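Accompanying notes for the structure given below.
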Amino acid sequence: MFERYTEKARRAIFFARYEASQFGSQVIDAEHLLLGLLREDKVLYRWIPETNAERLRRRVEQHSPPREQIPTSVDLPLSASSRVILKNAAAEADRLAHKHIGTEHLLLGLLDEENTFAAKLLRDRGADPAQIREHYACREDVSRPLSFQRGSYKDLGFRSLSKETVEIHGARWKVDYVRDVVNLCRSYNWHWHKAQWTPRDIAIERKTGRVSFDLSLANDPANFDLVKGGWKKDHCFVCRWELCQSDNAEHAVGYTNGHDWVCTECYTKFFERPDFFNSAYPEIT
């Protein structure tokens, strides 16, 4: 599972497991991942202006008061939220055309899971995922996971990444990544139509807080709640541009296949121009 992770990212998860045991938690939750990142790397201090380790720890303790500690020899599973965060981190690395998963991707993955207390703590302190994402979108993938250290990308079956970039909403993205994601979109669904983004109803499992668009689950009110308009936003499948209810048409209107969304800029550039990547468009540098 952690083959792509850098040494720092692996240590952050190790520290998260340690924090969970110190809090007496039966699972490694989002707050423990936050504390693990805080222990291991300076990435939080770089991107979050009001980072103070002791204050953050006190807020976590107030939210989840520590119980009797669990021995570190006991194997603790990831919570549902933490599994989503790690999935988000891998998706962020893929979107940025990075072969590794580092602490920067873990931070973005944590911020993507907006309903967690950890993400709210960071956003309240000025965390800006778009700014972080834009910075790393322009960066070479020089940090390799442990499994990459003994061979080249070619040895491991990866094709070399082009240094060409393309501009989307003012940020530069690797052409290889954008081409691959657009081809993936085209391969599994060709019917994209323009639509106004509106909130969607969701079913929430009371015990875990997990979200589903299967509204029939709400027929079991003892375990599920129906929340009208509970899904507040989506993101462009290609560039992660936010789509939501807004007076700004760039955010309020996109193209959808009934499940995923693509922003108008990505659709106009890459979907309406099937030869975009094979031509010398001025957007590619």
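The values are calculated or read from the model by the stated rules, or taken from the named source; none is laboratory data. Treat the numbers as computed from the prediction; the structure is a model and nothing was measured. Positions of Cβ are backbone-derived with ideal geometry, glycine not excepted, and every protein chain shown enters the neighbour counts.
Looking across Gly24, Gly36, one residue alone is in contact with an Asp or Glu (Cβ under 9 Å, 6 or more places away or on another chain) and under 21 Å from Gly109 (Cα atoms). It is Gly36.
The residues in the range 27-48 that are at pLDDT below 90 and either surrounded by fewer than 19 Cβ atoms within 10 Å (Cβ to Cβ) or in contact with a His (Cβ under 7 Å, 6 or more places away or on another chain) (or both) can be counted, and the count is 4.
Among the residues of the range 61-69, is any polar (S, T, N, Q), crowded, with 17+ Cβ neighbours inside 10 Å and in the same structural domain as Pro129 (by TED's automatic domain parsing)? No - not one qualifying residue is present in the range 61-69. Of all residues assigned to the range 244-255, at least one qualifies as being over 30 Å from Phe117 (Cα atoms) and surrounded by 15 or more Cβ atoms within 10 Å (Cβ to Cβ).
In the range 94-129, which residues are among the polar types (S, T, N, Q) and either outside any helix (DSSP H, G or I) or touching a strand residue (DSSP E or B) at 6+ places or on another chain (Cβ under 9 Å) (or both)?
If the condition is that a residue be among the polar types (S, T, N, Q) and either outside any helix (DSSP H, G or I) or touching a strand residue (DSSP E or B) at 6+ places or on another chain (Cβ under 9 Å) (or both), then Asn115, Thr116 are the ones that fit.
Considered as a group, the residues in the range 168-208 that are farther than 22 Å from Glu250 by Cβ and among the hydrophobic types (A, V, I, L, M, F, W, C) include one that is surrounded by the fewest Cβ atoms within 10 Å (Cβ to Cβ), and that residue is Trp190. Given the structure, is Val74 free of Cβ contacts under 8 Å to residues at least 60 places away in the same chain, assigned to a loop (DSSP other than H, G, I, E, B), in the same structural domain as Ser21 (by TED's automatic domain parsing) and hydrophobic (A, V, I, L, M, F, W, C)? Yes, satisfied.
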